[in-house]
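**Q** This is the structure, below, for whatever I ask next.
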Amino acid sequence: MKKIPEITECNFVSGIYAIFILVYATDNEHLQKILYDNVHLINGVAGTDTFICFDTCFKRNIPIE
């Protein structure tokens, strides 16, 4: 996934999903191309669910000590 420039973040998560990735796409066609031509071809990827972010309410970075 590191080789796909539109993927800007990849997180291992708990629950029904194993990984969440943050993808930036210009439109739905671009997103479909990223998923079908790249992500779905990665060994071990069984499928994807897509969540669209309409807006970011806030983003915060905190120091961890």
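Laboratory data are not the source of any read-out in this text; all were calculated from the coordinates shown. Computed from a prediction, not measured in an experiment: that's the story for all the values here. When we count neighbours, we look across all protein chains shown, and the Cβ atoms used for this are built from the backbone with ideal geometry, even at glycine.
**Q** Karplus couplings for the stretch 46-51 from phi (6.51 cos²θ - 1.76 cosθ + 1.60, θ = phi - 60°), rounded to Hz, Gly and Pro as x?
**A** 8, x, 9, 10, 10, 10
**Q** Sorted by average packing, counted as other Cβ atoms within 10 angstrom per residue and highest first, what order do 41-47, 19-25 take? List each step's numbers first, then the result.
**A** Numbers: 41-47: 7.9, 19-25: 13.9.
Descending mean neighbour count gives 19-25, 41-47.
**Q** How high is the relative contact order of the chain? Use alpha-carbon pairs under 8 Å, at least six apart in sequence, and give a whole percent.
**A** Values: 37 pairs, mean separation 12.7, N = 65.
Over the chain, the number comes to 20 percent.
**Q** In addition: Once the principal axes of the Cα atoms of the chain are found, what is the range along each, listed largest first in whole angstroms?
**A** In descending order, the Cα extents are 39, 26, 23 Å.
**Q** For the charge dipole of the chain, defined by +1 on Lys and Arg C-beta atoms and -1 on Asp and Glu C-beta atoms about the Cα centroid, which residue among Val23, Pro63, Gly47 has the Cα displaced farthest towards the positive pole?
**A** Toward the positive end, the furthest listed residue is Pro63.
**Q** So how strong a dipole does the chain carry about its Cα centre when Lys and Arg Cβ are +1 and Asp and Glu Cβ are -1, to the nearest 20 debye? Walk me through the intermediate numbers first.
**A** Values: 5 positive and 8 negative charges, 39 e Å.
About 180 debye.
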